[in-house]
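Structure record follows, encoded as structure tokens.
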Amino acid sequence: MNNDSFHGRVGVITGAGSGFGREFALLGARRGMRLVLADIQADALAATLADVQGLGAEAIVRTVDVADAAQVDALAHATMQQFGRVHAVFNNAGVGSAGLIWENSLRDWQWTLGVNLWGVIHGVRAFVPLMLEAAKADPAYRGHVVNTASMAGLLNPPLSGVYNVSKHAVVSLTETLHHDLALVGEQVHCSVLCPYYVPTGIHASHRNRPAELASENPATRSQRVAQSLVEKAVTSGKVSAADVAQMTFDAIEQRRFYIASHPQALGGVLQRAEDIVALRDPVDPFGQREGVRESLIEALRK
């Protein structure tokens with residue numbers, strides 16, 4: 001894509017009420033995109049809409065739980081009804097969960113996988129066929145899908161097993177999508193976004209947890225310890241969500257597949273790959289962060 005490729009193009013963004021989704025929307029508005037904004041939190045979604053309209057963007061909003069296939073299908077239908085075409089899809093909605101993996105309840109798994117993984121699955125199933133149809137009808141058409149994973153989709157830090165599983169699955173899905181798209185044409189591409197700790201509000205994602213999937217029991221010690229660790233790491237992040245949005249738009253223009261907000265963290269990915277090839281026990285990603293592993297052991301064993 002060239003430098004003016006976003007102007008007039010239609011972008012669909014899930015999780016648009018906060019974090020990366022909000023910044024994708026603001027940057028898209030500045031680049032002249034027409035926007036379809038979705039989020040489960042109606043008031044946050046309304047605030048994003050007001051901001052992008054203030055920037056002159058044409059936009060519609062839909063309150064959507066991405067874990068529900070019918071709601072994502074309805075989002076795709078609304079997009080086509082309003083704009084007739086879609087050029088960029090940001091499957092971005094995400095939630096966090098933490099604690100020792102055996103202490104996570106069935107509802108924890110259902111909620112986290114429902115949003116983080118099934119939300120992306122539903123987005124791919126609903127929108128990619130529409131993009132391929134547009135490509136078939138117009139040789140000049142270009143489309144791009146961005147799936148938000150995490151550095152936890154490339155590493156497996158302790159005390160975040162459910163989240164790790166969901167994000168590894170998104171990386172696998174998107175790598176496969178990349179290969180599959182290449183088999184059928186050259187006009188639709190995809191990227192996987194793997195951010196590290198960035199201030200996005202994901203540490204407070206339980207605010208939007210559906211009542212039917214609410215935690216049945218009080219948080220365990222490991223869940224409290226992990227939540228505190230994540231909150232501190234996320235809120236103290238130096239790379240902003242706006243920075244990551246710019247990285248993502250740059251990657252779309254350059255047709256780059258992997259997007260890493262913190263390239264310095266990729267050393268852990270290399271270590272993991274070397275452990276696999278050498279058939280060694282996996283190294284704890286927190287082991288290289290001074291004092292973190294020791295403090296976790298002390299908090300959990302005392």
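Any read-out appearing in this document is the output of simple, stated calculations on the displayed coordinates, not a laboratory observation. A quick note: this is a predicted structure, and the numbers were derived from the prediction, not measured. Neighbour counts run over all protein chains shown; Cβ positions are idealised from the backbone, glycine included.
Loop-resident GluC sites (Glu not before Pro) (DSSP state other than H, G, I, E or B) in the stretch 86-187 with no more than 14 further Cβ atoms inside 10 Å of their Cβ: E186. Using a Förster distance of 51 Å, how high is the FRET efficiency between K302 and T63, based on the Cβ-Cβ distance and rounded to 0.05? The value I calculate is 0.70. Relative to the Cα centre, the charge distribution of the stretch 18-152, modelled as +1 at Lys and Arg Cβ and -1 at Asp and Glu Cβ, gives a dipole magnitude of about 460 debye. Using R0 = 35 Å, the C-beta based FRET efficiency linking N217 and V239 works out to 0.50. The residue among G143, A76, A278 whose Cα reaches farthest toward the positive pole of the charge dipole of the chain, with charges on the beta-carbon of Lys, Arg, Asp and Glu, is A278.
When the chain is treated as a GNM with alpha-carbon contacts under 10 Å, the residue of G114, G54, G15 showing the greatest mean-square fluctuation is G54.
By the helix-only formula, in which each DSSP H run with n ≥ 4 contributes -39500 (n - 2.57) and the sum is divided by residues, the chain has a 222 nm mean residue ellipticity of -15500 deg cm²/dmol.
Taken over the alpha carbons of the stretch 89-167 as equal point scatterers, the Debye sum produces base-10 log I(q)/I(0) values at 0.11, 0.21, 0.23, 0.24 Å⁻¹ of -0.37, -0.88, -0.99, -1.04.
Express in whole angstrom the spacing between the alpha-carbon centres of the stretch 215-258 and the stretch 30-47. So the two Cα centres are separated by 20 Å. Assuming charge only on the beta carbon of Lys and Arg (+1) and of Asp and Glu (-1), the dipole of the chain about its Cα centre is about 260 debye to the nearest 20. Across the stretch 205-302, Cα pairs under 8 Å and at least six residues apart give a relative contact order of 25 percent. Within the listed set R221, R280, R34, the residue fluctuating most in the Gaussian network model of the chain (springs between alpha-carbon atoms under 10 angstrom) is R280. Summary of packing: across the peptides 21-33, 118-130, the per-residue average of other C-beta atoms within 10 Å ranks them, highest first, as 21-33, 118-130.
Go ahead and set up a Gaussian network model of the chain, Cα springs under 10 Å, then flag whichever of G84, G56, G291 fluctuates most. With Cα springs under 10 Å in the chain, the top fluctuation among G84, G56, G291 is at G291. With everything on Cα atoms, drop me the angle between helix 241-254 and the longest principal axis of the chain, reported from 0 to 90° to the nearest 10. Roughly 50 degrees between the two axes. Quick check: the angle from helix 118-137's long axis to the longest principal axis of the chain, C-alpha only, nearest 10 degrees? That works out to roughly 30 degrees.
Between the amide H of V95 and those of N116, distances stay under 5 Å, these residues lying 5 or more places away or on another chain, with hydrogens modeled in the peptide plane.
Shown for W109, W102: other C-beta atoms within 10 Å of each C-beta, ranked fewest to most, produce the order W102, W109.
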